[in-house]
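Read-outs throughout are calculated quantities, based only on the coordinates presented, and are distinct from any laboratory measurement. Predicted model, so just to flag it, every value in this text is computed and none were measured. Backbone-built Cβ (ideal geometry, glycine too); neighbour counts: all protein chains shown.
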């Protein structure tokens with residue numbers, strides 16, 4: 001929890017950060033438009049014993065996170081040295097910064113990486129025998145049908161398709177084709193990114209009723225709170241909040257107001273992972289952990305934590321493929337099942353060195 005480190009007495013870290021900006025290997029088409037470039041900051045904390053940890057600040061201002069300029073200003077203000085009191089004092093609205101420094105601090109405390117020692121075989125916070133399913137992302141439009149056979153051949157049992165990108169009638173036809181091609185044991189998720197109005201959402205949810213759709217993610221805009229609640233009450237299809245719960249405090253509010261659907265949480269945007277874990281354990285929230293298109297640094301922190309905590313049985317939303325087209329940027333390829341071996345193979349320091 002916040003403030004836990006400071007209660008153990010003052011701790012000072014050497015601090016460094018590096019900005020990055022890289023074109024994606026292929027544009028990611030969503031209802032918000034084509035996403036072509038990812039930018040953010042990598043941070044490095046080094047403890048007094050020389051052990052280092054890495055974190056990633058990866059804002060998505062269109063989702064309501066802090067801007068990268070704000071995050072950069074905070075890192076500049078810390079200079080080359082920062083203590084745990086300053087790190088714990090980062091304002092709540094800086095969810096991406098709080099995630100990054102919490103990840104780096106946790107890695108320092110675990111002592112997973114040093115400048116002179118190899119990573120021990122037992123590295124990783126969870127059992128390497130634990131495995132979690134992963135959902136594979138299908139591209140928007142008819143390209144989903146072209147990508148589908150390969151994803152099935154790879155063994156993915158859960159797929160996610162971006163909708164709300166093209167004409168609704170055309171997309172519904174593609175949905176029929178996708179469902180017709182899916183084996184009975186494969187689940188399909190639909191993600192509208194808040195693109196539909198109520199009438200369009202009703203048509204889609206009626207179309208999905210009694211069909212093998214695991215859930216529909218953010219069917220209408222986050223601010224359409226009454227519409228979201230009404231749709232959840234009127235249709236049997238499970239609904240999930242995404243853009244509406246970018247930060248954990250928003251998820252808490254929706255839950256307090258009676259939302260009993262799914263919460264799609266992007267830890268890289270939400271804040272410290274231990275706060276997510278405490279909330280889920282206390283409330284039994286139904287969550288999906290999802291990618292915000294992080295580099296290998298942020299991805300490694302999230303997936304190591306997800307395996308250790310076991311907060312959900314739903315497939316992880318990290319089957320995005322090699323978005324950056326480079327091993328140091330993407331980390332190891334992720335298949336239909338994730339286990340501790342992936343975490344041991346991930347080397348955040350490789351990307352840190354790549355940016356030198």
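Between residue 353 and residue 142, what FRET efficiency comes out of the Förster formula 1/(1 + (r/R0)^6) with R0 = 41 Å and r the beta carbon distance, rounded to 0.05?
Calculated transfer efficiency: 0.50.
Between residue 92 and residue 167, what is 0.36 nm times their sequence separation minus the Cα-Cα distance? Round to one decimal in nm.
In short, 23.2 nm is gained.
How high is the FRET efficiency from residue 341 to residue 110, r the C-beta distance, R0 25 Å, rounded to 0.05?
Result of the calculation: an efficiency of 0.90.
Using only the alpha carbons, work out the radius of gyration and Dmax of the range 4-110 in angstrom.
15.1, 47
Applying a 10 Å radius around every beta-carbon, put 40-47, 180-187, 223-230 in order of their mean neighbour count, most first.
Top to bottom by mean Cβ count within 10 Å: 40-47, 223-230, 180-187.
Restricting to Cα pairs below 8 Å that are 6+ residues apart, what does the relative contact order work out to for the chain? Please round to a whole percent.
Here the relative contact order equals 20 percent.
Starting from 0.36 nm per residue, how many nanometres of slack lie between residue 200 and residue 226 once their C-alpha separation is accounted for?
Separation in residues times 0.36 nm, less the Cα-Cα distance, equals 7.8 nm.
Rounded, prolate or oblate: which one fits the range 123-239, using the alpha carbon gyration tensor with axes a ≥ b ≥ c (rounded when a/c is under 1.5, else prolate when a/b beats b/c, else oblate)?
Because a/c hits 1.5 or more and a/b fails to exceed b/c, the range 123-239 counts as oblate.
Mind checking the alpha-carbon convex hull of the range 198-356 and giving the volume per residue in Å³?
130
Give the distance, in whole Å, between the Cα centre of the range 24-39 and the Cα centre of the range 318-332.
For the range 24-39 versus the range 318-332, the Cα centre distance is 14 Å.
Using r as the Cβ-Cβ distance of residue 14 and residue 154, and R0 as 45 Å, what FRET efficiency do you calculate, to the nearest 0.05?
It comes to 0.60.
In whole angstrom, note down how far apart the Cα centers of the range 233-301 and the range 78-94 are.
The range 233-301 and the range 78-94 have Cα centres spaced 24 Å from each other.
Using C-alpha positions alone, give me the convex hull volume of the chain per residue in cubic angstrom.
For the chain, the hull spanned by Cα atoms encloses 130 Å³ per residue.
Could you work out, for the range 172-240, what percent of all Cα-Cα pairs fall into each 10 Å distance bin, beginning at 0 Å and stopping at the bin that holds the largest distance?
21, 56, 21, 3
Would you mind calculating the relative contact order of the range 4-110 from Cα pairs under 8 angstrom and at least 6 residues apart, reporting the percent as a whole number?
32
Roughly speaking, what is the stretch gain from residue 130 to residue 282, that is 0.36 nm per residue apart minus the C-alpha to C-alpha distance, in nm to one decimal?
52.5 nm
Counting each DSSP H run of 4 or more residues in the chain as -39500 (n - 2.57), what helix-only mean residue ellipticity at 222 nm follows after dividing by all residues, to the nearest 500 deg cm²/dmol?
Rounded to the nearest 500, it is -11000 deg cm²/dmol.
Students often check this: by mean Cβ neighbours within 10 Å, which of 255-265, 23-33, 94-104 ranks highest, and how do the rest follow?
94-104, 255-265, 23-33
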